[in-house]
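Below: one structure, written as structure tokens.
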Amino acid sequence: MGSDALQAGWPLAALVLGLGAAGVALLAQPWWTRRRHRQLRTLPFPRAWARILQRRVPLAQRLPAPLRRRLLGLVQVFIADKPFIGCAGLKVDDEMRVTIAAQACLLLLGQAGEACYPRLRQVLVYPEPFVVPRRQMLPGGVVSEQPQALAGESWAQGQVILAWSEVLAGAADPADGCNVVLHEFAHQIDQDGGDADGRPWQQDEAARQRWAGVVGEGLARLREAPSEALDAYGSTDPAEYFAVATEAFFERPQALREAAPPLYGELAQLYRLDPAAW
Ligand SMILES: [Zn+2]
């Protein structure tokens with residue numbers, strides 16, 4: 001589970017599950033699902049949705065034309081496949097669906113095929129940051145339970161929970177490296193495989209080792225000193241490091257490439273994308 005506090009620095013235990021087996025999961029999609037997804041992707045993109053995309057997801061405007069076309073197709077698949085559930089009285093509308101789906105699908109643009117978060121079952125949307133009780137171990141072994149406001153959360157059981165106000169804020173500035181949708185869906189990608197190795201989509205051993213080295217070194221550096229490109233929350237653990245690095249990769253690619261070339265290179269291979277060139 002990735003739990004993302006509004007204030008960075010909470011010692012949250014996030015379950016890091018790697019994606020070594022993700023390729024297997026993707027390949028295991030039944031043919032009728034693949035066919036249905038192919039059909040969905042070729043449907044004309046509704047004009048009202050295009051207007052929402054234009055207004056709410058400036059990050060999508062940067063995309064080269066082929067990737068933008070692919071994004072529109074993936075958004076159709078995502079919205080057709082994934083139930084959105086409004087929480088705390090929120091009524092989910094197309095603006096929410098398109099804004100969330102488009103940002104989630106940015107992470108899939110470089111992947112081949114029609115698979116679209118095969119293990120994701122629901123997206124839960126709260127109007128504002130939602131409050132959950134959090135247990136903390138205090139000195140002396142005392143356990144305290146404090147309420148904590150979260151912008152988003154990602155569960156290994158296939159749920160992403162988002163605060164709509166935070167989704168809007170994250171999308172509105174496409175260059176601040178702060179985006180709760182990219183963050184939580186990076187956790188979903190990380191959780192997709194089953195192994196706690198934090199190496200999504202990488203099946204070859206050399207690449208896995210290289211990635212582990214880059215993450216280990218980057219984490220140590222971030223714990224020592226703040227980074228120009230990465231939010232300090234990434235120093236929590238490898239799962240948060242990957243999620244925070246994903247936010248920077250899509251929103252501040254040039255800064256990330258300059259500050260941490262090996263990390264940028266690994267993410268470019270992982271996502272099969274080069275956002276610094278967009
Ligand atoms: Zn997180």
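Data table
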{"quantity": "Built amide H within the under 5 Å cut-off of residue 124, gap 5+", "calculated": "85, 160, 161, 162"}
{"quantity": "Cα gyration tensor, region 115-251 - rounded (a/c under 1.5), prolate or oblate", "calculated": "rounded"}
{"quantity": "5 angstrom amide H check on residue 92, placed H, neighbours 5+ away", "calculated": "86"}
{"quantity": "Charge context of residue 168, other residues only, Cβ under 14 angstrom, K/R +1, D/E -1", "calculated": "-3"}
{"quantity": "Burial ordering of 164, 278, 32, fewest other beta-carbon atoms within 10 Å first", "calculated": "32, 278, 164"}
{"quantity": "Cα gyration tensor, region 57-127 - rounded (a/c under 1.5), prolate or oblate", "calculated": "oblate"}
{"quantity": "Residue-by-residue Karplus 3J(HN,Hα) for region 42-55, coefficients 6.51, -1.76, 1.60, Hz, glycine and proline x", "calculated": "8, 5, x, 6, x, 4, 4, 5, 4, 5, 5, 4, 4, 7"}
{"quantity": "Rounded if a/c under 1.5, otherwise prolate or oblate - region 121-166, Cα gyration tensor axes", "calculated": "oblate"}
{"quantity": "Charge tally in the Cβ shell below 12 Å around residue 248, where Lys, Arg are +1 and Asp, Glu are -1, residue 248 excluded", "calculated": "-4"}
{"quantity": "Peptide ranges 89-98, 251-260 listed from the most packed, as the mean C-beta count within 10 angstrom indicates", "calculated": "251-260, 89-98"}
{"quantity": "Mean Cβ neighbour count within 10 Å, used as a protection proxy, ranking 262-275, 146-159 highest first", "calculated": "262-275, 146-159"}
{"quantity": "Ranking of 79, 189 by count of other Cβ atoms within 10 Å, fewest first", "calculated": "79, 189"}
{"quantity": "Highest-fluctuation residue, 229, 48, 245 considered, GNM on the chain with Cα pairs under 10 Å", "calculated": "48"}
{"quantity": "For the chain, calculated [θ]222 nm from helices alone, where every DSSP H run of n ≥ 4 adds -39500 (n - 2.57)", "calculated": "-15000 deg cm²/dmol"}
{"quantity": "Net charge over other residues, Cβ less than 11 angstrom from the Cβ of residue 108 (K, R count +1; D, E count -1)", "calculated": "+1"}
{"quantity": "Using θ = phi - 60° and Karplus 6.51 cos²θ - 1.76 cosθ + 1.60, couplings along region 148-154 (whole Hz; Gly, Pro as x)", "calculated": "9, 8, 10, 7, x, 7, 10"}
{"quantity": "Residues 87, 178, sorted so that the one with the fewest Cβ neighbours within 10 Å comes first", "calculated": "87, 178"}
{"quantity": "Karplus-derived HN-Hα couplings along region 114-123 (A = 6.51, B = -1.76, C = 1.60, θ = phi - 60°), whole Hz, x at Gly and Pro", "calculated": "9, 4, 9, 6, x, 9, 6, 9, 8, 10"}
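Here, each number is a calculation from the coordinates, and none is a lab measurement. Keep in mind that what you see is a predicted model, and the values were worked out from it rather than measured. Note that we place each Cβ from the backbone using ideal geometry, even for glycine, and neighbour counts take in every protein chain shown.
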